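Heads up, the thing below is written out as structure tokens.
The values are calculated or read from the model by the stated rules, or taken from the named source; none is laboratory data. Not measured: the values here are computed from a predicted model. Note: ideal-geometry Cβ built from the backbone for every residue, glycine included; neighbour counts use all protein chains shown.
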Amino acid sequence: MLLDLLLPQRCLVCSLPGGQVCPACTASLRRVGLPACARCGAPTAWPVPRCTECGGLRLAFASARAAVEYDAPVRRIVGAWKERGLRRLAAWAAAVVADTLEAPRADLLTYVPADPDRRLRRGHHAAEALARELARTWGIGVEPTMVRVRGSPRQRGLTRTERRRNAAAAFAVTRLAPTRVLLVDDIYTTGATANAASSALRKAGAQEVEVVTFARTIRIR
Ligand SMILES: [Zn+2]
Ligand SMILES: [Zn+2]
């Protein structure tokens, strides 16, 4: 954006000059780190194959990993990234992810698609921008694989299995998926979106879906 170029850059977190997120604030981000649940990526006291957060769930993805905690400073950064379309934050976020997580092994990198209305309004989709930066960094091909379907059916009064089927129906896959797919999104909150998108990819042929997000909501400490 033109204004970004003209105004002196002030850090979105501390307001001091020094870039959209200054080096000090970047260094003090709360990384999710290890040990963590091998499945959903929640921080745990010791390494576990599944945890209290994901233990009772059937998940379509093999693992979900995130770089940083979705805390107050990260909320502010992500808010500016998405609402104001600060494009350069995608490269910054990708650098934080690549610096925190080991490079995955995947045949294809893809992303959770934008809501069509939102995408038109903002002209910028954070998950796609992050995916494209990570694809370049990790040397994996990136392509869109699905669209959101409007008017997902109501969830009330349905069994858990029916709900999951509905959630998966929120995404329509537009191509066949290769064996190992890396699915990128900006935030992991309950995991429902990542799971629904992963489920759609599995139906399109993926054997293993790994999820990577920039930030993650942390419930248990
Ligand atoms: Zn700062
Ligand atoms: Zn877990």
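The residue that is surrounded by the most Cβ atoms within 10 Å (Cβ to Cβ), among those in the stretch 52-78 that are near ligand 2 (Cβ under 9 Å from one of its atoms) and in contact (Cβ under 8 Å) with a residue 40 or more places away in the chain, is ALA64.
Considering the stretch 64-86 alone, what residues qualify as being among the hydrophobic types (A, V, I, L, M, F, W, C) and part of a helix (DSSP H, G or I)? Those that are among the hydrophobic types (A, V, I, L, M, F, W, C) and part of a helix (DSSP H, G or I): ALA72, VAL74, ILE77, VAL78, ALA80, TRP81. On inspection, VAL48 does not qualify as in contact with a strand residue (DSSP E or B) (Cβ under 9 Å, 6 or more places away or on another chain), within 16 Å of ligand 1 (Cβ to nearest atom) and either closer than 19 Å to THR217 by Cβ or among the polar types (S, T, N, Q) (or both). Check whether at least one residue in the stretch 87-109 is in contact with a helix residue (DSSP H, G or I) (Cβ under 6 Å, 6 or more places away or on another chain), assigned to a loop (DSSP other than H, G, I, E, B) and either away from ligand 1 (no atom under 16 Å from the Cβ) or over 17 Å from THR213 (Cα atoms) (or both), and report yes or no. Taking every residue of the stretch 87-109 in turn, at least one turns out to be in contact with a helix residue (DSSP H, G or I) (Cβ under 6 Å, 6 or more places away or on another chain), assigned to a loop (DSSP other than H, G, I, E, B) and either away from ligand 1 (no atom under 16 Å from the Cβ) or over 17 Å from THR213 (Cα atoms) (or both). Taking the listed residues ALA60, ALA24, the one that is aliphatic (A, V, I, L, M) and away from ligand 1 (no atom under 16 Å from the Cβ) is ALA60, with no other qualifying.
Conditions first: (1) within 16 Å of ligand 1 (Cβ to nearest atom); (2) under 30 Å from ALA206 (Cα atoms). ALA38 passes all but one, so which condition is the exception? Failing condition for ALA38: (1). Which number in (1) in a strand (DSSP E or B); (2) more than 30 Å from ARG148 (Cα to Cα) marks the one condition that CYS14 misses? Looking at each condition in turn, CYS14 falls short on (1). When you check VAL149 against the structure, is it of a type in the set (Val, Ile, Thr), out of contact with any Cys (no Cβ under 9 Å at 6 or more places or on another chain) and modelled with pLDDT under 95, yes or no? Taking the combined requirement at face value, the residue satisfies it. Are any of the residues in the stretch 34-46 among the β-branched types (Val, Ile, Thr) and within 16 Å of ligand 2 (Cβ to nearest atom)? Yes, the stretch 34-46 contains a residue that is among the β-branched types (Val, Ile, Thr) and within 16 Å of ligand 2 (Cβ to nearest atom). Taking only the stretch 63-82 into account, find how many residues are modelled with pLDDT of 95 or more and away from ligand 1 (no atom under 16 Å from the Cβ). Residues that pass the stated criteria total 7.
Candidates in the stretch 24-52 are the residues that are outside any loop (DSSP other than H, G, I, E, B) and closer than 19 Å to ALA98 by Cα; of these, the one that is nearest to the chain's Cα centre (by Cα) is ARG31. From the residues in the stretch 1-51 that are on the phi > 0 side of the Ramachandran plot and at pLDDT 90 or above, which one is surrounded by the fewest Cβ atoms within 10 Å (Cβ to Cβ)? Among those that are on the phi > 0 side of the Ramachandran plot and at pLDDT 90 or above, it is SER15. Residues that are at pLDDT 95 or above and touching an Asp or Glu at 6+ places or on another chain (Cβ under 7 Å) within the stretch 105-126 comprise ALA106, LEU108, THR110, TYR111, VAL112, listed in sequence order.
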